[in-house]
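*Asks:* What follows is a single structure, and I will ask about it in a moment.
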Amino acid sequence: MIEAVYWILGLFLLVIGIIRVAKPEETIYRREHWRFTDFEPSETYIKIERFSGIVSIVLSIIIFICIFNM
């Protein structure tokens, strides 16, 4: 049972991480478009979004390694 939760969490983090790395402008737009009418993210904001995607991918890899070592 616990293993299934780790699989779901790992897959979720992996998908979110890949999307954030591949299309950071899209994820920023989906999160911020309701607050601003003409929102253009800065380069720093895009880099932070990509970095958070990389962190998500690394965390998902760590979760998968832990699952296989159980």
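*Asks:* Could you check the spin-label model distance between residue 19 and residue 32? Points 7 Å from the Cα along Cα→Cβ, value in nm.
*Replies:* 1.8 nm
*Asks:* Might you report the magnitude of the Cβ-based charge dipole of the chain about its Cα centre, with Lys and Arg at +1 and Asp and Glu at -1, to the nearest 20 debye?
*Replies:* 120 debye
*Asks:* Given (i) 13.9, 47; (ii) 12.9, 40; (iii) 14.8, 49, which label gives Rg and Dmax of the Cα atoms in Å as computed from the coordinates?
*Replies:* Entry (iii).
*Asks:* Related question: Check each of the trypsin sites (Lys or Arg not before Pro) in the stretch 10-70 and keep only those in coil by DSSP with at most 16 other C-beta atoms within 10 angstrom; list them in order.
*Replies:* Listed in order of number, the matching sites are 35.
*Asks:* Quick check: residue separation of residue 12 and residue 64 times 0.36 nm, minus the Cα distance between them. What number comes out in nm?
*Replies:* Extra length from residue 12 to residue 64 when fully extended: 17.5 nm.
The numbers here are math on the coordinates, done by the rules we state, and not lab data. Just so you know, these numbers come straight off a predicted model, no measurement behind them. All Cβ positions, glycine included, derive from the backbone under ideal geometry; neighbour counts span all protein chains shown.
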